1. Sort out which residues of the stretch 746-772 are in contact (Cβ under 8 Å) with a residue 60 or more places away in the chain and under 15 Å from A707 (Cα atoms), and write them in order of number.
2. Go through (1) modelled with pLDDT under 95; (2) of a type outside the set (F, W, Y); (3) surrounded by fewer than 24 Cβ atoms within 10 Å (Cβ to Cβ) one by one and return the number of the condition M825 breaks.
3. Of these, A92, A115, A110, A69, which one is surrounded by fewer than 20 Cβ atoms within 10 Å (Cβ to Cβ) and not assigned by TED's automatic domain parsing to the domain that holds A298?
4. Which of the numbered conditions does A682 fail, given that it passes all the others? Conditions: (1) at pLDDT below 95; (2) over 21 Å from the mean Cα position of the chain (by Cα); (3) open to solvent by less than 50 Å² (accessible area, probe 1.4 Å); (4) over 20 Å from D584 (Cα atoms).
5. Could you tell me whether any residue of the stretch 134-143 is outside any helix (DSSP H, G or I) and without any contact (Cβ under 8 Å) to a residue 60 or more places away in the chain?
6. Out of A92, A119, A64, A110, report the one residue that is within 16 Å of ligand 2 (Cβ to nearest atom), under 26 Å from T616 (Cα atoms) and touching a residue at least 40 places away in the same chain (Cβ under 8 Å).
7. List the helices (runs of 4 or more DSSP H) that sit entirely inside the stretch 535-651 and contain at least 1 residues that are in contact with a Gly (Cβ under 7 Å, 6 or more places away or on another chain).
8. Look through E492, E480 and report the one residue that is modelled with pLDDT of 95 or more, in a helix (DSSP H, G or I) and surrounded by fewer than 20 Cβ atoms within 10 Å (Cβ to Cβ).
Amino acid sequence: MHRAPVAPREGRRRLDRRPPHEVVGRENELAAVESFLDGVVNGPSTGLIIGGEPGLGKTTIWEAGAASARQRSFTVLTARPAEPESRLSYAALADLMGGLSADLVATLPAPQSRALQVALLRAEPGDQPPDRRAVGTAVLGAVLALAKLSPVLIAVDDLQWLDPASMHALQFALRRIGTAPIGLLAAIRTDMTEPLGENFASAMPGAATLALTPLSLGALRHLLASRMGASFSHSILVRLRQASGGNPLFALEIGQSLQRDGGAVQAGDPLPLSKSLRDLLYMRLGKLSALAQRILLAASAVSQPTVALLAEIEAKSAVEDALREAVAARVVEVERDRIRFTHPLLASVVYMSFTESDRRVMHGRLARVVRDAEERARHLAVAAAEIDEETAAACEDGARSAASRGAPYSAAQLALSAIQLTPALDEDATLRRSLEAARYLYQAGDTQNARALLRTRVASLGPGPARASALYQLAVVEGELGPARESVRIFEQALAEADRESAVSIRIAIDLAWMLLWGGDAIAGAERARQALDSARALGQVDETEQALFAMTYLNCMCGQPARDDIMRRAVELAPSMTQVPLDRSPMALYGLQLMRWGRLEPARSLLEQVHSIATERGDETSLSAASFYLAQLECIAGRWPAATAHVERGLELAALTGVNSQEIRFVDAMLRAHFGRVDEALMLAQEGLVIARDAMEPLAASRFLATIGFLHLSTGHNSAAGTALGEAWDVSWSIGIRDPGAYRFAPDLVEACVATRSIASTGSTINAEEATSWLEERARVLDHPWAAAAGARCRGLLRAVAADPEGAAVLLGDAIDRYTTLGMPFDAGRTALSLGQLLRRQKRKRAARENLQMALGVFEGLGAVVWADRARSELSRIGGRASTPYDLTPSERQVAHLVASGHRNREVAEALYMTVNTVETNLSRIYRKLGVRSRSELAATLKT
Ligand SMILES: Nc1ncnc2c1ncn2[C@@H]1O[C@H](COP(=O)(O)OP(=O)(O)OP(=O)(O)O)[C@@H](O)[C@H]1O
Ligand SMILES: [Mg+2]
C-alpha cells in the first residue's frame, strides 16, 4: 500500500521513538486496540482513548497500537505533546501534519491550505488572519484525502497536554469525518484535572475509552525480570506490587532502588522506596549537578527545547556537560539539536522542583532568547511578578501574533494577561486590551466570557467615546446571544456616546441599521443607513461609504423602493475588500436573497451558490448554515425539492454543530415538509418555531412561521384558520415596515383563504384580500417587480372568480400561470392551474377545466406534493357532473349563500355585497332551488359538507 502523501516518517526518526520494549501482560487491552483498528477500517470506530494514572502504561499500549496500525499499512500521524507545549498554539498539529507532502496540501482549496500553512508557521499571516475553522477544515480535508489511499490513524499521546488551538482543529475535523476510515488513538492521564483533555474525550462522538488497571503480579514479575534482569522473592514482589499500586513505572523505580540496596529487605522493614512517584523522580534528578538541573529547568519551560536555544542562556560547554550528565541519568534524550525528556513527568518534576522566584527568573531569561512572539509573551507573563507595562505590551503583541495565526483562544489568554499587567492608571491601554481580549474570545466562540468582559468594562467607564467602543462590541455580542431589541438598545447607546462624524460612529450606525431590520424596524434601519452614508461621504471614508450605501439600498428595497441592481452588483464586486462583513451578510448573499424575492431565481441561485462554495472552502460553518437556509428556500420555490431537501439536511447538521441559524433551518424544514404534504410534522415544527420567535420577539421569524401554518391549514381545507394565520403573518411583516412585495410570498394563499371563506372584505387582521391584491398590482407596476406581477394576476383572478366575472378571472389566472412558468416556479403555476380548473369546471367548460386540472395534477405529482395532488384529483373526478355542489352556483349566488349560511340577515348580506335586498331574495330563491334546500339552516348544513 502506498502512503505517498506523507513524507516517510522513518526519514525523520524522532527522539520519541524509544526502542520498543516487550509488552508484558495487557492481553485484553491489546486485543481492544486491535478490534478498534478493525473498526476504523470497516466502521464504525472513531476513537479509542486510553486512560490511566501517570506511569500506568498508557504510552506503552498506545505505541503498540500505532505500530500495529503501521503494519496494517495505515497512515499514522503522531503527536506527543509535552507539557510546556500546551502553551504554544498548533504545536501538536505541527507534529501531526508536519509530514504532509506539499502536493497534498496543494490539493486543498486555497483558503484552507493557506490557513494550514499559517497555523503551522510555514507562511506569513498577511492582512487577513485565517479563521480557526478554516484550519479545522484543512485538517479535515487533508485526512480525508489521506484516507482515500489508506486508513488513517491519528495517534496522540498525552492528550491532556494538547494545545487548545490544535485541540479545536482536531475536534472540528474528527466530528466531521463521517464514515471515512479515520481513527483517533489517544492516551490521556486521568488523574489530571485538565478540563481540555476531558472535554476532548467527551466531545468525541462514539469514542470508546480503555481504562488501564494495575498490572497483575505475574506481569510485574515478568516486567522486572525482562527489564532489569532481576528476580525478587515472592514476598518482596507482593510488597512491591502493593507499594507501586501495580503501576509499572513505580515498580521499575522501586525495583531499581531495591537492586541498588542489594535486592533484599528484611521482612517487616518498610520497602526503602515506598514513596510517591514524585520523590522517586526527584531522586533520579537529585544526582544531577546544580548546573544540569538549572539547564533542565530551561529545557522544561520552553515548548521546543534545543541545544542551540539553551546555549543562548548558558555557556555552550556548560550546556553540553549538563546534557551529557542528563542523558547518562536517562532524564533526557538528545537527537541532533532537539532535547526531549525521557518521560514527560520528568519535565514537570524538574520544573516544580524550583521555587517560583527561580522559575520567574528563568522565564525572564528565556523571554529574551525565544523567537516566537507568542511564546515570548508567555514567558514574560509568567516572569512578571507585578504590574508592568512593558510586559503587558509584549503580551498584547503575542496575542496579536497568535490571533494572526488563527489561534484566538491563545490570543485571548495572552490578552487577558496583558490586562492584568497593565498599570491601573492607563485607562486607554486597559480599554484597548479588554476590547481585544473580548474580540478574541468572541472569535474563539466563547461568547459568554466575551460578554462578561465587555459588561465589566462598560460598567467601569463613564459616558463617552471610550465607552462607546466597548458598547459597540457588546452590542454585536448581544446580537448573537439575546433578542435583537436588546442589541439595538446597546447599539443606540454606543452611537449616542461615540464621537460624532467619526469612522467608528459610522460603523456603529451601519451595524445598527442591520440589527434594526432583524429587530423589527426596517424603516428606522434604512434611515440609519442613510445617515451613515451621509457621514461616510462627508468624511471621505471609502470603505464605510460602500458599506453604508449597500445597507441603505438593500433596506430601502425592503421598505418598498425600487431595486438598484447597479448598486447591488457593484457591492458584490467590491465585497472581497469589505473584510469586516461576515459572508452570510455579504452583498453576495443579500443581493441573492433580494433577487429571489423578486422572482429572479437564476441569478439568485448563482450568487447563493457562490456564498455556499466560499463558505465551504473557508470552513465557515456559520455562513454555510445560512447558505443552506437560503438555497433550501430558493430550491423549494424553484420546484427542485430534492435539492431543497439536501440543503435542509445539511443545514440541520450545521445548526446542530454550530448552534446558530436553527430557527431559520426549522422554518425551511417546516415549509418543505408542508409542501410535501407531511402536514402534522410540518405543523408541529412551525408551531414550535412560532413560540420561540415570539419569545425572542423576532417578528420576521414569527411572520415566516405564521405563513407556514397558514399554508398548512389551506392545504387541508381549514380555510378560516388559514385566513387567520396568514392575516397575522401579513400584519406582522407590515408592522415592521417591510414593503417589498416579494417578502409577502404568502399573499396569494391569504387571498385564496379569504375567497374560500367569503371574507374578502374583512379578515381578523387589518389587511383584506382586495387591498392586498391592489397593493401587489400597484407595486408590480411601480417597481417592475416580476414576482409581484405574477402574484397580483393570480390574486386578482381569484377575486374576479367570485365577483361575477369568470371570463376576466380566467384570463388573469391564465396570465399568472404563464408568468409563474416563465419565472421557473412550477408549484405556484400548478396551484394557479388548480384554481383556474375549478373555475372552468364550475362554468361547465369541461374540456378546458380538465386540461388545467390535469396540468396541476401533473405538476403536483411530479413534485411529490401529495395533498395538492389529491385535491387536483378530486376536482378532476367531479367533472362529469354528478350531484349538485355549492360550486354550481354562480359566484354572486355563492357569496349570498355563504353569508346567509353563516347567519347574516338579508339586509346585512345586501350591504356587504352592494346589492339591494330584493336582489338578495331573488338570489336566495334560486340558490334554494339549485341546491334543493328549503331553509337557512338546511342551506348552512349543505354548504358545510
Ligand atoms: N505492559 C507493559 N509491559 C512492559 N513495560 C511496561 C508496560 N506498561 C508500562 N511499562 C513500562 O513502564 C513505564 C511507564 O509506562 P508508560 O510510559 O507507558 O506509562 P504512561 O501511562 O504512558 O505514563 P504517563 O502518564 O507518565 O505518560 C515505561 O518504562 C514502560 O516501558
Ligand atoms: Mg505516557
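1. Of everything in the stretch 746-772, those that are in contact (Cβ under 8 Å) with a residue 60 or more places away in the chain and under 15 Å from A707 (Cα atoms) turn out to be P748, E752.
2. With (1) modelled with pLDDT under 95; (2) of a type outside the set (F, W, Y); (3) surrounded by fewer than 24 Cβ atoms within 10 Å (Cβ to Cβ) applied to M825, the lone miss is (1).
3. Of A92, A115, A110, A69, the one residue that is surrounded by fewer than 20 Cβ atoms within 10 Å (Cβ to Cβ) and not assigned by TED's automatic domain parsing to the domain that holds A298 is A110.
4. It is condition (1) that A682 fails.
5. No, the stretch 134-143 has no match at all.
6. On the way: A119 fails: within 16 Å of ligand 2 (Cβ to nearest atom); A64 fails: under 26 Å from T616 (Cα atoms); A110 fails: within 16 Å of ligand 2 (Cβ to nearest atom).
Unique residue meeting the criteria: A92.
7. Details: elements: 542-558, 565-574, 587-598, 601-618, 621-637.
In the stretch 535-651, 542-558, 587-598, 601-618, 621-637 are the helices (runs of 4 or more DSSP H) which contain 1 or more residues that are in contact with a Gly (Cβ under 7 Å, 6 or more places away or on another chain).
8. E492
The values are calculated or read from the model by the stated rules, or taken from the named source; none is laboratory data. The structure displayed is predicted, hence computed values, not measured ones. Cβ coordinates were reconstructed from backbone atoms using ideal geometry, including for glycine residues, and neighbour counts include every protein chain displayed. Ligands, DNA and RNA are stripped out before the accessible areas are found, and what is left, the full protein with its side chains, is counted by its heavy atoms. Shrake-Rupley method; radii C 1.70, N 1.55, O 1.52, S 1.80 Å.
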